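Structure, as structure tokens:
The values are calculated or read from the model by the stated rules, or taken from the named source; none is laboratory data. Treat the numbers as computed from the prediction; the structure is a model and nothing was measured. Ideal geometry is used to build each Cβ from the backbone, glycine not excepted, and the neighbour counts take in all protein chains shown.
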Amino acid sequence: MSPAEGGLNLPLADDPKIDSALVSALYEEHSQELRRFLFGVLRDHDLATDALQNAFSKMIEVGHTARQETLKGWLFRVAYHEALALRRRQGVDGKAMRKIASAGPPASEAPDEALCRSEAVDRVRSALEQLPAEQRQVVRMRMYQQQTFAAIAAELGLPLGTVLTRMKLAVDKLRLKLAGDE
């Protein structure tokens with residue numbers, strides 16, 4: 001049967017493209033039924049139209065792999081999978097949008113907060129300078145260079161217990177000094 005007689009011609013096995021007349025005929029024959037089916041799955045006319053377009057795009061790309069007698073079923077199956085993919089993307093996009101919306105506008109720092117933070121940094125620096133040199137050295141290596149206590153002990157050639165004691169004494173002195181400044 002020829003296309004003019006209502007039959008659909010599939011390409012030869014060695015031709016990886018599907019005939020555009022066949023795609024057009026399939027669209028004319030099944031698009032309304034597919035659109036209703038997709039609307040039932042997605043409950044959204046725009047998404048149903050997108051899924052329908054995606055299904056026919058797949059028909060153009062890989063429709064030549066389907067058997068002629070199963071084209072309608074193949075098309076419905078592909079359309080269903082496209083609808084599910086759209087729904088998943090919509091869910092991910094929606095979740096991201098809700099997360100962004102719930103975060104609210106970025107918090108801007110008030111001028112007085114910047115001043116308070118600057119003053120606190122100055123107080124800490126001043127308190128650090130008042131520590132004995134060996135304690136100050138351990139604190140700086142731990143806090144600013146982010147070294148482990150074992151690495152500090154190895155670098156200074158001291159027992160680990162000595163380094164830990166110096167850090168504890170320094171923290172205690174800083175706590176007292178900073179508490180008294182408030």
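Summary of values
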| read-out | value |
| --- | --- |
| Qualifying position, being surrounded by 11 or more Cβ atoms within 10 Å (Cβ to Cβ) and at pLDDT below 90, among LEU86, LEU131 | LEU86 |
| Selection status of LEU71, assigned to a helix (DSSP H, G or I) and in contact (Cβ under 8 Å) with a residue 60 or more places away in the chain | yes |
| Selection from region 143-171 of residues that are of a type in the set (A, V, I, L, M, F, W, C) and under 16 Å from LEU131 (Cβ atoms) | MET143, ILE152, LEU156, VAL163, LEU164, MET167, LEU169, ALA170, VAL171 |
| Enumeration of residues in region 39-59 that are closer than 23 Å to SER24 by Cβ and within 25 Å of the chain's Cα centre (by Cα) | ASP50, ALA51, ASN54 |
| Qualifying residue in region 74-84 (condition: of a type in the set (Gly, Ala, Ser), under 31 Å from the mean Cα position of the chain (by Cα) and closer than 21 Å to ALA25 by Cα) | yes |
